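K.L.:
Below you will find the structure I want to go over with you.
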Amino acid sequence: MKETAVKKRGFAAIFALCPAAHILALAGGAVVLLFLTLRTNKPLMSALSLHFVQPLHHALAGLTARLPFSLAEWLYALVIAGTTVYIICELVLLFRRPGRLRRLYRFFARLAALGLGVYALFCLLWGVYYYGDDFIARSGLKQSEITVDDLALVTDWFADRLNDYAAQVPRDADGLCRSDRGEVLARSPQLFREAARAYPCLDGPELPAKGMFFSKFMSLIDFTGFFCPFTAEANVNMDFPEGLFAATVAHELCHQRGVAKEQEANFVAVLASLHSGDPDYCYSACMLAYIHLGNALAAVDSTAHRQIYEKLSDEVLADLRANSEYWACFKTPVREVTDAVYEGFLQSYGQTLGLRSYGACVDLLVNYYAPAAHALLAPWRS
């Protein structure tokens, strides 16, 4: 007796078109929905961050550090290239083969499954940080409202530090900072040693940041570096001027140690660099701090800003100009699009200031360094 084939209908027939894609999409969607539902539960997010994500990142970082290249960079390149080839091939087959509706459905289902799967992992391995205890809460640092006078004083203090460290870094015949990027990366594992003693929440494996092969492309989309939550690697653009390079290394390593918010990562990069005493890191960190503080001061007291700016040494001014001129070359529609996308990403994770949240590190800098600035500069201003 012959068995009669049962023809699938309805949802069963649709599911049979691409079972793996449907399962991945459903699993990814469930994780995303669960994250969106529970992300306001701060105790849960903090527990996940401290007892699951951070230990996992430390373990992953230890494994990927053995590779002499950025695994994250090549994984992203492979996914982008593979997805592009797949889209092209499917579009060609769509017009050459029968069953277009089925093929079109499978095409979109597979892309949706990939997108949901990656986003679900991203929420789990990075998004939870934004809703748990941040660095301020874990470190015990106190925040208070800052005054314009304090802002000017701390900006002046960093300008002096910037001038001092400018004389301690290597320079070329044109007076531009020429720190050895390879050496800066080689010393990056020890960068947080002193800061972690003062703030144990910054403790973590002493591993180096990694330079990127596709650095020019990163400059095109306005990125000086990125932390990959899937491989736990801190990746740094190797193409932009050296003045801010070491501070960028410190910033990305902050993310590796669980400091997710951009404004906090900028502050902690300055904190860790100055604690280290390394001239390259100290100079770069002071430049990063001065840029943020100076921009904030210029908006509220242009006279005070001008007076402090005129104190900067020729070497510092040359490095600031080199940095501005470099990034001016990349002011393209591509950069505008990536900035808009990244701003949307920051806002989706509760950083309502968007890209302006980078400037919020000013409050942290003023609160933390105001006592030192007052002790050194206030008597001379009286």
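The values are calculated or read from the model by the stated rules, or taken from the named source; none is laboratory data. These figures come from a predicted structure and were not determined experimentally. Neighbour counts run over all protein chains shown; Cβ positions are idealised from the backbone, glycine included. We work out accessible area using only protein heavy atoms, side chains counted, and drop any ligands, DNA or RNA first. Shrake-Rupley method; radii C 1.70, N 1.55, O 1.52, S 1.80 Å.
K.L.:
Among the listed pairs LYS261/LYS331; LYS142/LYS210; LYS210/LYS261; LYS216/LYS311, give every one whose C-alpha distance is greater than 23 Å.
P.N.:
Those over the limit are LYS261/LYS331; LYS142/LYS210; LYS216/LYS311.
K.L.:
Return the FRET efficiency for the residue pair ILE221, ILE87: r is the Cβ-Cβ distance, R0 is 22 Å, and the value is rounded to the nearest 0.05.
P.N.:
The formula returns an efficiency of 0.65 here.
K.L.:
Want the number for LEU34 to GLU310: 0.36 nm per residue separation, take away the alpha-carbon distance, what's left?
P.N.:
Computed gain between LEU34 and GLU310 is 94.0 nm.
K.L.:
Sticking with this one: Need the full-extension length gain, PHE15 to ALA77, defined as separation in residues times 0.36 nm minus the C-alpha distance. One decimal, nm.
P.N.:
19.3 nm
K.L.:
Follow-up. In square angstrom, what is the accessible area per residue of the stretch 1-144 with a 1.4 angstrom probe? Kindly include the intermediate steps, with their values, before the conclusion.
P.N.:
Numbers: 9570 Å² over 144 residues.
Per-residue value: 66 Å².
K.L.:
Determine the equivalent ellipsoid of the stretch 101-183 by diagonalising the alpha-carbon gyration tensor, then write out the semi-axes as square roots of 5 times the eigenvalues, largest first, rounded to whole Å.
P.N.:
So the three semi-axes of the stretch 101-183 are 47, 27, 13 Å.
K.L.:
So, one more: Multiply the residue separation of ALA47 and LEU94 by 0.36 nm, subtract the distance between their alpha-carbon atoms, and state the gained length in nm to one decimal.
P.N.:
So the extension gain works out to 12.2 nm.
K.L.:
For the chain, what class follows from the C-alpha gyration tensor (a ≥ b ≥ c being the square roots of its eigenvalues): rounded when a/c is under 1.5, otherwise prolate if a/b is larger than b/c, else oblate?
P.N.:
Prolate, because a/c is 1.5 or more and a/b exceeds b/c.
K.L.:
Round to a whole number: what % of the accessible area of the stretch 1-127 belongs to carbon and sulfur, probe 1.4 Å?
P.N.:
Values: 6480 of 8780 Å².
With neighbouring chains kept in place, the figure for the stretch 1-127 is 74 percent.
K.L.:
Under 5 Å between amide H atoms, partner at least 5 residues away or on a different chain: which partners does ARG171 have, H built in plane at 1.01 Å?
P.N.:
Residues meeting the criterion, in which the H sits 1.01 Å from N, are ARG178.
K.L.:
Can you give the accessible area per residue of the stretch 145-218, in Å², using a 1.4 Å probe?
P.N.:
48 Å²
K.L.:
Given axes a ≥ b ≥ c from the Cα gyration tensor, I'd like to know whether the stretch 6-114 is rounded (a/c under 1.5), prolate (a/b larger than b/c) or oblate.
P.N.:
It comes out oblate by the Cα gyration axes.
K.L.:
Measure off, as a whole percent, the carbon and sulfur share of the 1.4 Å-probe accessible area of the stretch 165-302, all protein chains present. Present the calculation step by step, with values, prior to reporting the outcome.
P.N.:
On the way: 2420 of 4490 Å².
Looking at the stretch 165-302 in its full context, I get 54 percent from C and S.
K.L.:
Ordering VAL85, VAL154 from largest to smallest accessible area (1.4 angstrom probe), what's the sequence?
P.N.:
The ordering from most to least exposed comes out as VAL85, VAL154.
K.L.:
Starting from the Cα of LYS42, draw a straight line to each of the aspartates and glutamates and keep only those under 13 Å, dropping any in the same chain fewer than 8 residues away.
P.N.:
ASP133, ASP134
K.L.:
Separate question: Could you tell me which of rounded, prolate or oblate describes the stretch 160-303, using a ≥ b ≥ c as the square roots of the eigenvalues of the alpha-carbon gyration tensor, with rounded for a/c under 1.5 and, failing that, prolate when a/b is larger than b/c and oblate otherwise?
P.N.:
Taking the square roots of the gyration eigenvalues as a ≥ b ≥ c, the stretch 160-303 is rounded.
K.L.:
Computed FRET efficiency, Cβ-Cβ of VAL300 and LEU104, R0 35 Å: what is it to the nearest 0.05? It would help to have the intermediate numbers written out before the result.
P.N.:
Details: r = 56 Å, r/R0 = 1.60.
That gives a FRET efficiency of 0.05.
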